[in-house]
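Asker: Take this structure, written in structure tokens, and hold onto it; I'll ask about it next.
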Amino acid sequence: MSRIGAEIKTGACYDGVSMARRRLDFRDHRRELDANRYVYAVVSRRARGLSVGVNLNPDKACNFDCPYCQVDRTTPGGPSRVDVEELSTELDALLTRATAGDFWTRPPFDTTDPVLRRVVDVAFAGDGEPTTPPEFPAAARAARECRDRRAPGVPLRLLTNATLFHKERVKATLAEFDELWCKLDAGTEEYFHRVDGTRVPFRLILDNLLRVARERPIVIQSLFPSFDGEGPEEKEIAAWARRLEEITGQGGRIDLVQVYTIARAPADHRLGALDHDSLEAIAERARAAGLRAEVYD
């Protein structure tokens, strides 16, 4: 039996927590699973089931520094180089287990809520922006081949901040993905820098979103927190809605707008979650622009 298989069978410990005791739900998005370096599994409230994650940033490198991020960047990460062969092996093993009849009886998957016991996607998302590593194109191809072989019909998704869509190696790789879930947390330059912790020009993000949305439909993912108990101002929400209208008004296609808030402990403890009514009011601005919007609180 492989080391990974042995750990699954015995309920081995990792990160100081027994797999047999760990509960999989959307409040726990740790990237650790077995002895894996890149592939993990979490219950996703937005995907509504078990998401098989691919983390290309175990080094914790990211070109954003969102204050609501759950990643602890005060401790060092692992090597920056991505071993695509190892990634493919890990993904193949987990997807193979996912199709096994006893998958949901094994820790930690046996703790998943019964209504969520389905593999809903393979998602490139992790401890940083997945398009930044030079191995991103090769990793995407390998993941698609593995998905096609082990889980046909399960969508391959990219969760991204869209900062590198203008780069040729990234543009050429987007075709490997069935869906692009693109971050847009702000309507103004000032709030964008505050909520996403970056000096990347906001216009670059907007231009990149429009460029890709003209070629294929995208999903917009927008997280709205509170700062010191105060949610975003009305003028910020109005500006955010105008940005969505600008994309669609110039020929971009948006399949869905995801409006959500903090679900796990953020890096900056001044931030908190918005209530359902506040999120619904934000979503209504997108709906008023003719878009489909869903709330996740």
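Asker: Being without any contact (Cβ under 8 Å) to a residue 12 or more places away in the chain and touching a helix residue (DSSP H, G or I) at 6+ places or on another chain (Cβ under 8 Å) is the filter; apply it to segment 187-200 and report the residue that is surrounded by the most Cβ atoms within 10 Å (Cβ to Cβ).
Answerer: H193
Asker: Are any residues in segment 211-236 more than 23 Å from D277 (Cβ to Cβ) and in a strand (DSSP E or B), and if so, which ones?
Answerer: Passing the criteria: I218, V219.
Asker: Count, please, the residues in segment 281-297 that happen to be among the hydrophobic types (A, V, I, L, M, F, W, C) and not in a helix (DSSP H, G or I). Before the answer, list the steps.
Answerer: Filtering segment 281-297 down to residues among the hydrophobic types (A, V, I, L, M, F, W, C) leaves 281-283, 286, 288-289, 291, 293, 295.
With not in a helix (DSSP H, G or I) added as a condition, the list becomes 289, 291, 293, 295.
Going through segment 281-297 one residue at a time, the tally reaches 4.
Asker: Run N63 past the list (1) part of a loop (DSSP other than H, G, I, E, B); (2) modelled with pLDDT under 90 and report the number of the one that doesn't hold.
Answerer: (2)
Asker: With (1) over 21 Å from the mean Cα position of the chain (by Cα); (2) under 21 Å from L271 (Cα atoms) as the list, and A241 as the residue in question, which single condition is left unmet?
Answerer: The number of the failed condition is (2).
Asker: Taking the options A172, A123, name whichever one is surrounded by 22 or more Cβ atoms within 10 Å (Cβ to Cβ) and either in contact with a His (Cβ under 8 Å, 6 or more places away or on another chain) or under 20 Å from P217 (Cα atoms) (or both). Reasoning before the result, please.
Answerer: On the way: A172 fails: surrounded by 22 or more Cβ atoms within 10 Å (Cβ to Cβ).
None of the other options fit; the residue is A123.
Asker: Being touching a residue at least 24 places away in the same chain (Cβ under 8 Å), touching an Asp or Glu at 6+ places or on another chain (Cβ under 8 Å) and open to solvent by less than 50 Å² (accessible area, probe 1.4 Å) narrows it down to one residue among L291, L209, L184, L274; which is it?
Answerer: Working: L291 fails: touching an Asp or Glu at 6+ places or on another chain (Cβ under 8 Å); L209 fails: touching an Asp or Glu at 6+ places or on another chain (Cβ under 8 Å); L184 fails: touching an Asp or Glu at 6+ places or on another chain (Cβ under 8 Å).
Result: L274 is the single residue among L291, L209, L184, L274 that is touching a residue at least 24 places away in the same chain (Cβ under 8 Å), touching an Asp or Glu at 6+ places or on another chain (Cβ under 8 Å) and open to solvent by less than 50 Å² (accessible area, probe 1.4 Å).
Asker: So which residues in segment 30-39 are modelled with pLDDT of 90 or more and either in contact with a Phe, Trp or Tyr (Cβ under 9 Å, 6 or more places away or on another chain) or open to solvent by 10 Å² or more (accessible area, probe 1.4 Å) (or both), if there are any at all? Spell out the reasoning first.
Answerer: Going residue by residue through segment 30-39, those that are modelled with pLDDT of 90 or more are 36-39.
Listed by number, the residues that qualify are N36, R37.
Asker: What number of residues within segment 257-271 satisfy the criterion of being part of a loop (DSSP other than H, G, I, E, B), touching a strand residue (DSSP E or B) at 6+ places or on another chain (Cβ under 8 Å) and open to solvent by less than 50 Å² (accessible area, probe 1.4 Å)? Reasoning before the result, please.
Answerer: Filtering segment 257-271 for residues part of a loop (DSSP other than H, G, I, E, B) gives 261-270.
Keeping just the survivors that are touching a strand residue (DSSP E or B) at 6+ places or on another chain (Cβ under 8 Å) gives 261-263, 266, 270.
Now narrow it down to the ones that are open to solvent by less than 50 Å² (accessible area, probe 1.4 Å): 261-263, 266.
So the count comes out to 4.
Asker: On the given criteria, is L204 at pLDDT 95 or above, hydrophobic (A, V, I, L, M, F, W, C) and open to solvent by 30 Å² or more (accessible area, probe 1.4 Å)? Spell out how you get there, then give the answer.
Answerer: Working: at pLDDT 95 or above: yes; hydrophobic (A, V, I, L, M, F, W, C): yes; open to solvent by 30 Å² or more (accessible area, probe 1.4 Å): yes.
Yes.
Here's the yes/no breakdown for (1) surrounded by 19 or more Cβ atoms within 10 Å (Cβ to Cβ); (2) assigned to a helix (DSSP H, G or I); (3) not β-branched (V, I, T):
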| position | (1), (2), (3) |
| --- | --- |
| A238 | no, yes, yes |
| G251 | no, no, yes |
| D255 | no, no, yes |
| L279 | yes, yes, yes |
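Asker: Let me ask something else. Assess whether T261 counts as being hydroxyl-bearing (S, T, Y), at pLDDT 95 or above and over 20 Å from the mean Cα position of the chain (by Cα). Spell out the reasoning first.
Answerer: On the way: hydroxyl-bearing (S, T, Y): yes; at pLDDT 95 or above: yes; over 20 Å from the mean Cα position of the chain (by Cα): no.
Taking the combined requirement at face value, the residue does not satisfy it.
Asker: Now a separate question. Filter segment 76-97 down to residues that are open to solvent by 60 Å² or more (accessible area, probe 1.4 Å) and of a type outside the set (G, A, S), then give me how many there are.
Answerer: Number of matching residues: 5.
Asker: Any residue at all in segment 140-161 that's surrounded by 23 or more Cβ atoms within 10 Å (Cβ to Cβ), of a type in the set (V, I, T) and within 24 Å of T173 (Cα to Cα)?
Answerer: yes
Asker: Consider segment 46-60. How many of its residues are part of a loop (DSSP other than H, G, I, E, B), in contact with a Lys or Arg (Cβ under 9 Å, 6 or more places away or on another chain) and within 21 Å of L94 (Cβ to Cβ)? Working first, answer last.
Answerer: Start the filter on segment 46-60 by keeping residues that are part of a loop (DSSP other than H, G, I, E, B), which leaves 46-48, 55-60.
From what's left, in contact with a Lys or Arg (Cβ under 9 Å, 6 or more places away or on another chain): 47-48, 55, 58-60.
Subset that is within 21 Å of L94 (Cβ to Cβ): 47-48, 55, 58.
Final tally of qualifying residues: 4.
The values are calculated or read from the model by the stated rules, or taken from the named source; none is laboratory data. Computed from a prediction, not measured in an experiment: that's the story for all the values here. Note that each Cβ is placed from the backbone with ideal geometry, even for glycine, and that neighbours are counted across all protein chains shown. Accessible surface areas use protein heavy atoms only, side chains included; no ligands, DNA or RNA. Shrake-Rupley method; radii C 1.70, N 1.55, O 1.52, S 1.80 Å.
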